Amino acid sequence: MTKKKFGLPAQILIALVLGIAVGLICSATGTTAFTADFLKPIGTIFINLLKFIVVPIVILSMISGIVSMGDLKKVGSVGWKTVAFFLVTTAIACVIGLGVGSIFNGQGWFPALALEEGATWESATSANFMDTLVGIFPSNMWTAFSTANMLQVIVIALLIGGGILAAGERGELAKKFFDSIYAVFEQVMGFIIKLSPIGVFTMMAWVVATQGANILGPIALVLLAAYIGYFLHAVVVYSVSAKIFAHKNPVEFFKGAAAAMIFAFTSTSSVATLPVSAECAEKMGADKGVAAFVLPLGATINMDGTAVYQCVATIFLAACCGVNLSMSQLIMVVITATLASIGTAGVSGAGMIMLAMVLESIGVPVEMIMIIYGVDRLFDMGRTCLNVTGDIACSLCVTEWQKKQK
Ligand code: ASP
């Protein structure tokens, strides 16, 4: 018998099922207190580790993303068009995610849970637009880190990344330093993700024991909402952009992208899918040079599926806290989810960690993530599939735009 019999996804699934079973038993036998006193604290350790890793990962992945673009001037016109395509489509993805999430919530399908003391909602955004704008810019770097103020952390990352590029040769050491430390933190994130089954088991047992089996229906519904969002985004945004900008019939486009979409769906990693996406894009007529630039960049920063997921999940988890988001909070979610999806690494499960950033920006307790953590793989399959499709669509559109310019 080999020691490692099950991979992580299987372990998480088993943990999920066991957690639900233990939760149901405790709820039926009136031993809910056991889950609250002994299992939940273990889950809390896992949540603390997640919170701990978010700030370093966001700052380091953003710095390395910016620096890897090299000299911004050299990247030139392809770079700007690509980034513009990424930003616009991701913002649309957020709006679709919020729209679908709000419709489900409006039907009363997302329940308010009886939260424990300490896991209550604290609205973080009662400020007006100008205050919010001013608040994005840090006056103290360490305060931004210690309070996990994500927008400030991103501004710091942009400034440092830009500074390294501007410093040219003298910035080389800093570039290597950040690259190396990012590699270290990616490993640390890997360690923490390995603990997921324990976190999933303990928190799921607690959630089901305290909320009863009723919570399982809403979890299925939020999954459905996310998949409707993924589907709408693919049909509306990619069909339309393939048709209008790349002059491709949508059916032809999805047929051409199918291999990469299936690979992404099963691997849940945009980065691992890169060779397949490159082949699909080139077969459909993307310029080799454009694809070589757009696809790796897209696998790192263009995550429309992740944005849809983060928005649907945020509406759901806020609803679980008994709160409907105000307009200014929704705008905040669009901004942070766009940025969070940019900061998401193209590897399995990364988007769920970045969800913590979106929740923190509007004050939803990060603990709430545990409600959907156990089924994250199911969300991840669909969102990675969409992420990769977006990269391929972008490579085709930019190819056409470049042709026109000549
Ligand atoms: N797994 C996704 C990707 O690689 C990222 C995520 O978790 O949202 O594209």
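Throughout, read-outs are computed from the coordinates displayed, never taken from laboratory work. Model, not experiment: these values are computed from the prediction. Methodologically, a virtual Cβ is constructed for each residue, glycine included, from the backbone with ideal geometry; neighbour enumeration extends over all protein chains shown.
Some points to look at:
- Largest GNM mean-square fluctuation across Ala313, Ala28, Ala205, computed for the chain with C-alpha springs under 10 Å, falls on Ala28.
- Protection proxy ranking for 350-361, 190-201, 388-399, using the average of other Cβ atoms within 10 Å per residue and placing the highest first: 388-399, 350-361, 190-201.
- Cβ-based charge dipole, the chain, positive-most Cα from Trp80, Phe379, His247: His247
- Given Lys243/Lys288; Lys175/Lys403; Lys255/Lys288; Lys175/Lys283; Lys176/Lys283, the pairs whose alpha carbons are separated by over 27 Å: Lys175/Lys403; Lys175/Lys283; Lys176/Lys283
- Two-site FRET efficiency, Lys176 against Leu133, from Cβ-Cβ distance with R₀ of 30 Å, rounded to 0.05: 0.30
- Simple spin-label estimate for Thr44 and Val155 in nanometres, 7 Å along Cα-Cβ: 3.3 nm
- Cα gyration tensor shape for the chain, rounded if a/c is under 1.5, else prolate or oblate: prolate
- Here Met381, Met189 are placed in order of increasing Cβ neighbour count within 10 Å, fewest first, which gives Met381, Met189.
- Paramagnetic label reach from Trp109 (point 7 Å along Cα→Cβ; backbone nitrogen cut-off under 16 Å): within the range 201-221, residues 215-221.
- Percentage relative contact order, the chain, counting C-alpha pairs under 8 Å, at least six apart: 31 percent
- Between the residues Met327, Val366, Thr399, the greatest Cα displacement towards the positive end of the dipole of the range 322-406, with unit charges on the Cβ of Lys, Arg, Asp and Glu, is found for Thr399.
- When +1 charges are put on Lys and Arg Cβ atoms and -1 charges on Asp and Glu Cβ atoms, the dipole computed for the chain relative to its Cα centre reaches about 1020 debye.
- Sorted on the mean count of surrounding Cβ atoms within 10 Å across their residues, most packed first, peptides 326-339, 232-245 read 326-339, 232-245.
- Simple Cβ-charge dipole of the range 193-331, Lys/Arg +1 and Asp/Glu -1, about Cα centre, in debye nearest 20: 60 debye
- Charge dipole of the range 229-304 about the Cα centre (unit charges at C-beta), most positive-ward option of Thr268, Leu297, Ala258: Ala258
- A simple count of charges around Ser68, restricted to other residues whose Cβ falls under 10 Å of its Cβ and scoring Lys, Arg +1 and Asp, Glu -1, yields 0.
- Footprinting exposure proxy for Glu400, Glu252 (fewest neighbouring C-beta atoms within 10 Å first): Glu252, Glu400
- Nitroxide proxy distance, nm - points 7 Å out along Cα→Cβ at Ala21 and Val240: 4.8 nm
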